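Participant: Here it is: the structure, laid out below.
What follows draws every value from the coordinates through simple rules; no lab data is involved. Values in this document were obtained by computation on a predicted structure and should not be read as measured data. Note that we place each Cβ from the backbone using ideal geometry, even for glycine, and neighbour counts take in every protein chain shown.
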Amino acid sequence: MKTIRNIIAITMMLAASTVAYSQTYTPSEGNIQARKDFVNERFGIFLHWGIYASYAQGEWYLNTGKLNKDEYAKAAGGFYPIRYNAEEWVKAFKDAGAGYVTITSRHHDGFSMFDTKASDYNIVKATPYGKDVIKDLDEACLKEGLKLQFYYSILDWIREDYPIGNSGKFSGRKGDHPDYGHYFEFMKQQVKELLTQYHTRALWFDGYWDHSKDAIPFDWRMPEFYEYIHSINPDCLICNNHHRVPIDGEDYQTFERDLPGQNTTGYSEGQEVSDVIPLEMCQTMNNSWGYAVADQNYKSVGEIIRLLAQCVSMNSNLLLNIGPQADGELPATALERLKGVGQWMRENGESIKGCGPGPIGDQEWGVTTAPVGGGKTFYLHIFKSPGAIIEIPVAKKDRIRSISALAKGSSLNYKKVGEKLFITLPTDLPEDSDFVIAVTKK
Ligand code: GLC
């Protein structure tokens, strides 16, 4: 009874926190297919990589360190990621079970990590390395079958044409002749390059919140920007980390460091959850986006797996971040975590990929997932043991074909009494993990 009450409460909560958006934008067939692929993958890797990795203080260091932009730019002159091997990166992501990679093409510091004609402050022209790291990543993704997506900052801490907002005030800009129209054209040129030089599935924008405190609401001209992008490639997915309800033209909704509908970070206040477009949560593996030498506060493999399962149970993807080092390597701890996630995914990935919320809402012991199109099987993700026997509500008419541990395939004892299903858990449940049980109906 208590469980059923819980379910009703959770269902009502979900109904209250989702919202239907009327969009005038009609996505292309290819776009709808790209959304489906995106949802099926459920797990992506976020990469924050730029010249800031040299300072090893995270991607905001130009701002948080109150550095002068010209002094900061000297990191470009020494940027030579000698150990960068795109194929090794992508293989590690694929082995972990990820389906896509979203990498910073240009962050708030204004440095472009790709070959661009719109600014010389880029990886090819301004570093001794002189090669387009994104091109290598694109080729590796293509080879391994992962999708490539780009983070792109719409705010800039060094350009004079960008109207200064809440951040980037100490970089030494004059700031006396902002010209958003000019800056907008610059962004258009760069996104066109991103769309035409690489096999780009999605553009992920960030920085909208930089003008949240303006006395006169700032017009970012996003609908026009999105139309421009979709005129070049209608299939390109657009996402914007603006922490607000989706804007017309966006193809999926992202939540920064919070599950959809939650607001533990303070970023997601009033960010209602779309019931129209796909959802994604982005989260750090430690506490930093860009490489931070002092931050060894990594989440355990178990924590990552449970977060992924939680995301899927809330109809969301997980975009898990890694901050590569300046030498081009992924931090050893991040690699070790990826390996652990991969091991679990090989045995339990069926309960994640192509799945969405299961038949019952959050429980004390964990969550449930089920294939998006329905089917006879659903999955119980046991995060912590509720005792020797687990009790779940089922329909009276349901008949059970099998109940088994997904990883080992071993059958579990169960008993169905009316609308209740009692499952006997193994005595040796793994610690700090997610033990998945597949329940198959007849
Ligand atoms: C924030 C930060 C940024 C980071 C992003 C990732 O918006 O400004 O540094 O890239 O979150 O979600």
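Participant: Once phi is turned into ³J(HN,Hα) by the Karplus curve 6.51 cos²θ - 1.76 cosθ + 1.60 with θ = phi - 60°, what whole-Hz value does each residue of the range 231-245 show in order, with x for glycine and proline?
Facilitator: 6, 7, 9, x, 7, 5, 7, 10, 9, 9, 7, 8, 6, 10, 5
Participant: Rounded to the nearest 10 degrees, what's the angle between the helix 133-144 long axis and the longest principal axis of the chain, both from Cα atoms, 0 to 90?
Facilitator: Between helix and principal axis, roughly 30 degrees.
Participant: Take the Cβ-Cβ distance between ASN263 and LYS36 as r, set R0 to 25 Å, and report the resulting FRET efficiency rounded to the nearest 0.05.
Facilitator: The value I calculate is 0.30.
Participant: Does the range 171-288 classify as rounded, prolate or oblate by the C-alpha gyration tensor (a ≥ b ≥ c root eigenvalues; a/c under 1.5 gives rounded; else a/b over b/c gives prolate, otherwise oblate)?
Facilitator: Note, shape of the range 171-288 comes out oblate.
Participant: Specify whether the C-alpha gyration tensor of the range 357-441 places it in the rounded, prolate or oblate class, a ≥ b ≥ c being the square roots of the eigenvalues: rounded for a/c under 1.5, otherwise prolate if a/b is larger than b/c and oblate if not.
Facilitator: Since a/c stays below 1.5, the shape of the range 357-441 is classed as rounded.
Participant: Could you give each residue of the range 266-274 its phi-based ³J(HN,Hα) in whole Hz, using Karplus coefficients 6.51, -1.76, 1.60 with θ = phi - 60°, and x for Gly or Pro?
Facilitator: x, 7, 9, 4, x, 8, 5, 8, 6
Participant: At a Förster radius of 35 Å, what calculated FRET efficiency corresponds to the Cβ-Cβ distance of LEU429 and GLU29, to the nearest 0.05?
Facilitator: 0.20
Participant: Give me the orientation-averaged projected area of the Cα convex hull of the range 348-389, in nm², one decimal.
Facilitator: Value for the range 348-389: 3.2 nm².
Participant: Further question on the same structure: Name the long-range amide H neighbours of LYS420: under 5 Å, sequence gap of 5 or more, or other chain; modelled H, no Pro or chain starts.
Facilitator: VAL394
Participant: With the Cα gyration tensor of the range 218-259 giving a ≥ b ≥ c as the square roots of its eigenvalues, does the rule (a/c under 1.5 for rounded; else a/b larger than b/c for prolate; else oblate) give rounded, prolate or oblate?
Facilitator: Oblate shape, in that a/c is at least 1.5 and b/c is the bigger or equal ratio.
Participant: Divide by every residue of the chain the summed helix terms, -39500 (n - 2.57) for each DSSP H run of at least 4, and state the resulting mean residue ellipticity at 222 nm, rounded to the nearest 500 deg cm²/dmol.
Facilitator: When only DSSP H runs of four or more count, the value is -8500 deg cm²/dmol.
Participant: While we're here: Give me the one-decimal nm value for the distance between modelled label points at ILE216 and THR333, 7 Å along each residue's Cα-to-Cβ direction.
Facilitator: Label-label distance for ILE216 and THR333, simple model: 4.8 nm.
Participant: Then there is this: Quick one: which residues, 5 or more positions from PHE205 or on another chain, have an amide H under 5 Å from its amide H? H modelled 1.01 Å from N in the peptide plane, none for Pro or chain starts.
Facilitator: TYR152, CYS239, ASN240, ASN241
Participant: Filter the chymotrypsin sites (Phe, Trp or Tyr not before Pro) in the range 282-313 to those in DSSP coil with at most 11 other Cβ atoms within 10 Å of their Cβ, and list the result.
Facilitator: Listed in order of number, the matching sites amount to none.
Participant: Taking amide H positions as placed in the peptide plane 1.01 Å from N, state which residues far from LEU319 in sequence (5 or more) or on other chains have amide H under 5 Å from it.
Facilitator: GLY44, MET281, CYS282, GLN283
Participant: Output the relative contact order of the range 357-441, whole-number percent, from Cα pairs under 8 angstrom with separation of 6+ residues.
Facilitator: 33
Participant: A follow-up question, please. How high is the relative contact order of the chain? Use alpha-carbon pairs under 8 Å, at least six apart in sequence, and give a whole percent.
Facilitator: 18
Participant: Tell me, what is the percent relative contact order of the range 197-315, built from C-alpha pairs under 8 Å that lie six or more residues apart?
Facilitator: 19
Participant: Oh, and also: For the chain, build the convex hull from the C-alpha positions and give me its volume per residue in Å³.
Facilitator: 145
Participant: HN-Hα J couplings of the range 210-219 from phi, Karplus 6.51/-1.76/1.60, θ = phi - 60°, integer Hz, Gly and Pro as x?
Facilitator: Taking θ as phi minus 60°, the curve returns 5, 10, 5, 9, 4, 5, 9, x, 7, 9 Hz for the range 210-219.
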